[in-house]
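> First the structure, then my questions, so here it is.
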Amino acid sequence: GGGSLDLAQANRLLSARESNVHRAAPSDYKPTEAEMSEVRHLINRFDSLLYRAVSSLPLSSPSPVPVTSPPPPVKLTTAPGRLSRPLNNGLGWKPPMGYSTWNDCGSTPNSSWVRRTADYLLSSGLAELGWRQVNVDEGWMLGRGASPPHQPIEDRELFPEGMGALGVWLHGRGLGYGLYSSRGSKQCDRPEYRARCLHTPPNPASDHA
């Protein structure tokens, strides 16, 4: 209830998600719409639980969580009479696990919220279960400089420390860091972002070289 997240419940959601990802099936197997709907429901349920939990917590400074090594390779049945062995390079041995600001902040992420969420991943034990990736989606970039190489311009009202410093802070706690970008001059075209973007007239893009 409230803002708490039961770790047993999180484990059940994770196990259910992994069972769908690692299902033993013929190589040409295609999941049914009902199965895909169930997976989407589980993911949305977890996002909702995480949002409720983070909303009620103060900012804290937990100790970093050590990064564990991937498990040894296992044999997976892909078709009757056939076995395949995954690469033992530490990649892809679990489904993508972590947090994205897009799911609850949309076009207006901010440093305080990202840090609170990261703290909760650590203090709740979710990071120890593998939920270590923290992705900042669109909305952190005001635009690009008018002169080459047109470097991205950070929104220092939302992220006073800058995106590089935020990454250092997350990495120092044993968490991964992802940053959404765009090859163009701006990110999404949502109204709340368009109002802040330097490239939306009459905003002064030419003043930000």
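> Using the alpha-carbon centroid of each, what span in Å lies between the range 107-140 and the range 148-174?
What the calculation gives is 14 Å, centre to centre.
> Which order do Leu179, Leu198 take when ranked by solvent-accessible area (1.4 Å probe, heavy atoms of all protein chains), largest first?
Leu179, Leu198
> Using a 10 Å cut-off on Cβ atoms, rank the peptides 139-145, 108-114 from the highest mean neighbour count down.
139-145, 108-114
> Next up: Quick one: ranking Glu138, Glu33 by accessible area, 1.4 Å probe, largest first, what do you get?
Glu33, Glu138
> Over the range 131-209, consider all pairs of different Cα atoms and compute the Kirkwood hydrodynamic radius from their mean reciprocal separation; express it in Å, one decimal.
Taking the inverse mean of 1/r over all distinct Cα pairs, the range 131-209 comes out at 13.4 Å.
> Short version: what are the Cα gyration tensor semi-axes of the range 85-195, square root of 5 times each eigenvalue, largest first, in whole Å?
Those come to 27, 17, 13 Å.
The values are calculated or read from the model by the stated rules, or taken from the named source; none is laboratory data. All figures in this text were calculated on a predicted structure; none of them were measured in a lab. Because the Cβ atoms are built from the backbone with ideal geometry, glycine has one as well, and the counts that use them run over all protein chains shown. With ligands, DNA and RNA removed, areas are computed over all heavy atoms of the protein, side chains included. Shrake-Rupley method; radii C 1.70, N 1.55, O 1.52, S 1.80 Å.
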